[in-house]
Amino acid sequence: MNINPNTEKPIFIQIAEQLEDSIFTGVYPEETKIPSTNEISALLNINPHTVLKGMNLLVDEEIIYKKRGLGMFVKEGAVEKIRQKRQGQFYDQFIASLIEEANKLHMTKNEIISMIERGYENEHNSN
């Protein structure tokens with residue numbers, strides 16, 4: 001985990017996002033324990049309450065849950081929940097603005113699809 005104190009994004013949100021990403025990428029599989037607030041705060045040299053605030057965002061989203069006396073665990077179904085959330089964000093951040101700009105350029109749906117396919121082909125050929 002890396003925290004950037006020089007960004008406008010609050011530290012607790014950075015923690016939540018990095019934990020979420022670790023869950024999504026399989027670092028912490030479903031139904032496994034994640035590091036404690038004290039472990040993360042010691043690792044990053046930040047206040048445990050800040051870490052807890054970030055974890056509570058994930059609890060509120062039902063991505064992690066607390067087992068009394070044992071710590072925080074990744075909830076079953078968390079990866080799919082994160083996938084759906086990120087797909088919604090992807091649409092909001094990229095697709096909606098892509099369509100808006102394409103409309104300004106008077107592009108057809110097929111022209112947009114063709115450009116996306118060309119982008120995929122270029123990416124595939126560069127790997």
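The values are calculated or read from the model by the stated rules, or taken from the named source; none is laboratory data. Model, not experiment: these values are computed from the prediction. Using ideal geometry, Cβ is built from the backbone for each residue, glycine included, and neighbour counts are taken over all protein chains shown. All accessible areas refer to the heavy atoms of the entire protein, side chains included, with ligands and DNA or RNA removed. Shrake-Rupley method; radii C 1.70, N 1.55, O 1.52, S 1.80 Å.
Do the sum for the chain: with -39,500 (n - 2.57) for every DSSP H run of n ≥ 4, divided by all residues, what is the mean residue ellipticity at 222 nm, to the nearest 500 deg cm²/dmol? Please report the intermediate quantities before stating the final value.
Details: 6 runs with 75 residues, N = 127.
Value at 222 nm, helices only: -18500 deg cm²/dmol.
When the accessible area of segment 1-66 is computed with all protein chains present and a 1.4 Å probe, what percentage of it is carbon and sulfur?
Values: 1970 of 3930 Å².
Heavy-atom surface of segment 1-66 belonging to carbon and sulfur, 1.4 Å probe: 50 percent.
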Of ILE40, ILE116, ILE23, the one that fluctuates the most in a GNM where the chain has Cα springs shorter than 10 Å: ILE116
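Can you give the longest stretch of the chain with no exposed loop site, where a site means GluC sites (Glu not before Pro) in a DSSP loop (not H, G, I, E or B) with at most 16 other C-beta atoms within 10 Å?
Working: sites that count: GLU8, GLU30, GLU31, GLU61, GLU62, GLU76.
Longest stretch, sites excluded: 77-127.
Tell me, what is the per residue accessible area of the chain in Å², probe radius 1.4 Å?
On the way: 9090 Å² over 127 residues.
On a per-residue basis, 72 Å².
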Residue among LEU105, LEU19, LEU43 with the largest mean-square fluctuation in a Gaussian network model of the chain, springs linking Cα atoms under 10 Å: LEU105
Between MET72, MET107, MET55, which gets the highest mean-square fluctuation from a Gaussian network model of the chain, Cα cutoff 10 Å? MET107
I want to check the label-to-label distance for ILE116 and ASN45. Put each point 7 Å from Cα in the C-beta direction and report it in nm to one decimal. 4.5
Carbon and sulfur %, accessible surface of segment 83-127 computed with the full protein complex present, 1.4 Å: 52
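What does the charge add up to near ILE11, with Lys and Arg as +1, Asp and Glu as -1, over the other residues with Cβ less than 14 Å from its Cβ? Spell out each step's value before the answer.
Numbers: positive: LYS9, LYS53; negative: GLU8, GLU17.
Local charge sum for ILE11: 0.
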Computed P(r) (all Cα pairs; the chain; 10 Å bins; percent): 11, 32, 25, 19, 11, 2
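Considering only Cα-Cα distances, which of the following residue pairs are longer than 25 Å: LYS81/LYS109; LYS9/LYS85; LYS9/LYS67?
The answer is LYS81/LYS109; LYS9/LYS67.
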